[in-house]
Amino acid sequence: MATADKVDVEAMFPPHVLRQYALLADGERGALVGPQGDIAWMCAPRWSSEAVFSSLIGGSGTFAVTPQDVHHTWGGSYEQGGLIWRSRWITDDGIIECREALAFPGDPDRVVLLRRITAVRGDAQVRVVLQPRPGFGRHGPGKLHQDAGVWSGHSGNLHWRCAGVEAAHPRTSTHPHGELLVLELTVPAGTHHDLVFEASAQSLPEELVDPDTAWSATEAAWSRSVPELGSSLAPRDARHSYAVLRGLTSAGGGMVAAATMSLPERAGRGGNYDYRYAWIRDQSYAGMAAASAGAPELLDAAVGFVSARLLEDGPQLKPAYTVTGGAVPDEQTLDLRGYPGGSDKTGNWVNQQFQLDAFGEALQLMAAAARVDRLDADGHRAVHTAVQAIAARHNDPEAGIWELDNRRWTQSRLACVAGLRAVAAMPSAGADLAECATLADIILADTARTSLHPDGYWQRAPDDPGLDASLLLPPVRGALPADDPRSRATLRAVQDTLCDDHYVYRFRHDQRDLGDAEGAFLLCGFMMALAEHHQGNDLSAMRFFERNRAACGPPGLFSEEYDISQRQLRGNLPQAFVHALVLETATRLAEAPSSSSMRP
């Protein structure tokens, strides 16, 4: 643990494979907990703030609860219906659990991290290591101060304190500016010990958090927020995906695409992005999934956030925003080591793009809300704004769903066709919206003229004859009927060329084998399940669903990509749009294809 009386925190808590991390989230920020009880990632006070614990990506700072006995095995599970995680270690002498959560729902201005160490069998002997390091590790924990048994500090722009570590001793780490707290703690058998960490950019309130009250409130709030979903195909997984989506959604309705940044999709090959922002597309997917599951809270959040962005920006809608509706900061490189195989970037160049499909996905979301009578006046105004934007811009080159070079991407245009048809069929649609069906027919006819491959399937763009798995979704959303020969030809072609062992790749990059270019794209695997179900091929739909929902680790979190050969997660974690499609697929596969179709 120490050399010359200094603590080597990096050696104690190195990065782990992604499948071993659990997520804590309260809507306003998230934390990743590793198998050694180490909080390896947490931004404070908000999602896109600088990290206070960033060892995951080569920064520094940690908050760890670890068995003192190095001879132990790790496990853990979520309590059903929320993001309360229980780390569990079996040692030679007993069983230790650490119950972990961010107090829920979160306060936008203050982090409250709850950790309850329980001696399940035998005495629990644990080591607690605390080293807040704001600014992705640029700042130390500040001058450590103890008052009435509570340690505190002020570092960078953060005030922090921790209760339950009154017997901790300040130590020096091997890292510059590296003072930290270390506590060797024994919890008697059958009892528990509480730790409460708080952080805020403002002065913390004088009154300390009562652990029992905070735990009770968090349990009750999760119980209220997560529906049973008992009629879905896989209620346990559906509820967990819903809880993940709820944990990623702020009080203002904005949902981050992922809790993390800079986790590489392929080692040493780029693909490092900051996903701590709200993408219109992802938000729409989550809202439509919630609508399919009969869960209004997330549906309302998505409709409110997307409506506000449409009304503010109209045809200049950005693909992504901060969760408060602000502009995404431009991409910058951090001077950090990075997660193994990756490099660190904060911010995102998406704010320089135009993505036509976002308008189509937004219309699909609004129509889904209207079908269950949850589209308010702002939502109706947003529908008209999106329709006008599509009418004006549907021929403009744009970056598309995969954020590539500007072309007339087929998926974007078909997404708009699906959205226009959906709003034209809304129960509240007037004569003006009925004309949306005519605009949909015009866009569809033009797309068929320029982007239908001679073999009968939809090709990626007029100047790109390749296949794209994202083209599976527009028919499911109502752009085309299930029996349209173009839908069927596209489905067969994707299965023949982009599938491997019931995993699905986005598109072929070049002549390399699919898995050499990138990982299987889990979003596309669930798209395939929905498309097969839409065609009435329920056995095949089930195979794709089961295969892809197994592509996670013990905490049940999905990343963007999955390395089939190594069975490893790749990319940022957890990826919201994958969890959205898990929820929707689990719901729709429990229905007959005719009733689950998105056709008007």
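The values are calculated or read from the model by the stated rules, or taken from the named source; none is laboratory data. Just so it is clear, the model here is predicted, and its values are computed rather than measured. In this analysis, Cβ positions are derived from the backbone assuming ideal geometry, glycine residues included, and neighbour counts consider all displayed protein chains.
Cβ-Cβ contacts under 6 Å between residues 6 or more apart (or on different chains), taken from a first residue in the range 420-431 that is more than 13 Å from A369 (Cβ to Cβ) and among the basic types (K, R) to a second residue that is buried (at least 24 other Cβ atoms within 10 Å of the Cβ) and at pLDDT 95 or above, are listed as R421/A440. Taken together, A422, A415, A429, A445 contain a single residue that is in the same structural domain as G525 (by TED's automatic domain parsing), in a helix (DSSP H, G or I), farther than 26 Å from L523 by Cα and among the hydrophobic types (A, V, I, L, M, F, W, C), which is A445.
Apart from one condition, F104 fits all of (1) outside any loop (DSSP other than H, G, I, E, B); (2) hydrophobic (A, V, I, L, M, F, W, C); (3) surrounded by 23 or more Cβ atoms within 10 Å (Cβ to Cβ); the exception is (1).
Among the residues of the range 357-398, those identified as closer than 28 Å to S262 by Cα and either within 22 Å of the chain's Cα centre (by Cα) or not assigned by TED's automatic domain parsing to the domain that holds A286 (or both) are D357, A358, F359, E361, A362.
For E198, the criteria (1) acidic (D, E); (2) in contact with a Leu (Cβ under 9 Å, 6 or more places away or on another chain); (3) surrounded by fewer than 20 Cβ atoms within 10 Å (Cβ to Cβ) hold in every case but one, which is (3).
Within the range 539-592, the set of residues being in contact with an Asp or Glu (Cβ under 6 Å, 6 or more places away or on another chain), within 24 Å of K345 (Cβ to Cβ) and polar (S, T, N, Q) comprises Q575 only.
This table checks each residue for (1) touching a Pro at 6+ places or on another chain (Cβ under 6 Å); (2) assigned to a strand (DSSP E or B); (3) over 20 Å from S54 (Cα atoms).
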residue	(1), (2), (3)
V112	no, yes, no
V129	no, yes, no
P134	no, no, no
G140	no, no, no
H193	no, yes, yes
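All conditions in (1) free of Cβ contacts under 8 Å to residues at least 12 places away in the same chain; (2) within 26 Å of N351 (Cβ to Cβ) hold for S250, with the sole exception of (1). Looking across T218, T172, T191, one residue alone is modelled with pLDDT of 95 or more and surrounded by fewer than 17 Cβ atoms within 10 Å (Cβ to Cβ). It is T191. With the condition kept exactly as written, say whether any residue in the range 66-77 is touching a helix residue (DSSP H, G or I) at 6+ places or on another chain (Cβ under 7 Å), surrounded by 22 or more Cβ atoms within 10 Å (Cβ to Cβ), in the same structural domain as V9 (by TED's automatic domain parsing) and farther than 29 Å from S225 by Cα. Checked against the condition, which is being touching a helix residue (DSSP H, G or I) at 6+ places or on another chain (Cβ under 7 Å), surrounded by 22 or more Cβ atoms within 10 Å (Cβ to Cβ), in the same structural domain as V9 (by TED's automatic domain parsing) and farther than 29 Å from S225 by Cα, the range 66-77 yields no hits at all. Across the range 408-463, the qualifying residues are those that are touching a Leu at 6+ places or on another chain (Cβ under 8 Å) and among the basic types (K, R), and the one among them that is surrounded by the fewest Cβ atoms within 10 Å (Cβ to Cβ) is R460.
Against the definition (under 25 Å from Q411 (Cα atoms) and among the basic types (K, R)), how does K345 come out, yes or no? Answer is no for this residue. Across the range 452-478, which residue is farthest from T410 (Cα to Cα) among those that are under 32 Å from the mean Cα position of the chain (by Cα) and of a type in the set (G, A, S)? Here the answer is G478.
Would you confirm, using the coordinates I've provided, whether A290 is assigned to a helix (DSSP H, G or I), surrounded by 24 or more Cβ atoms within 10 Å (Cβ to Cβ), touching a Phe, Trp or Tyr at 6+ places or on another chain (Cβ under 9 Å) and of a type outside the set (F, W, Y)? When the stated conditions are applied, A290 passes them.
Picking from A31, A51, A44, A40, which residue would you name as being free of Cβ contacts under 8 Å to residues at least 40 places away in the same chain, buried (at least 24 other Cβ atoms within 10 Å of the Cβ) and either more than 18 Å from L334 (Cβ to Cβ) or among the hydrophobic types (A, V, I, L, M, F, W, C) (or both)? Residue meeting the stated conditions: A40.
Inspect all residues belonging to the range 469-488 and state whether any of them is surrounded by fewer than 17 Cβ atoms within 10 Å (Cβ to Cβ), touching a strand residue (DSSP E or B) at 6+ places or on another chain (Cβ under 9 Å) and either in a helix (DSSP H, G or I) or not assigned by TED's automatic domain parsing to the domain that holds S412 (or both). Checking the range 469-488: not a single residue is surrounded by fewer than 17 Cβ atoms within 10 Å (Cβ to Cβ), touching a strand residue (DSSP E or B) at 6+ places or on another chain (Cβ under 9 Å) and either in a helix (DSSP H, G or I) or not assigned by TED's automatic domain parsing to the domain that holds S412 (or both). Pairs linking a residue in the range 352-370 that is modelled with pLDDT under 95 to a residue that is among the charged types (D, E, K, R) and in a helix (DSSP H, G or I), with Cβ atoms under 8 Å and 6 or more positions apart or on different chains, do not occur.
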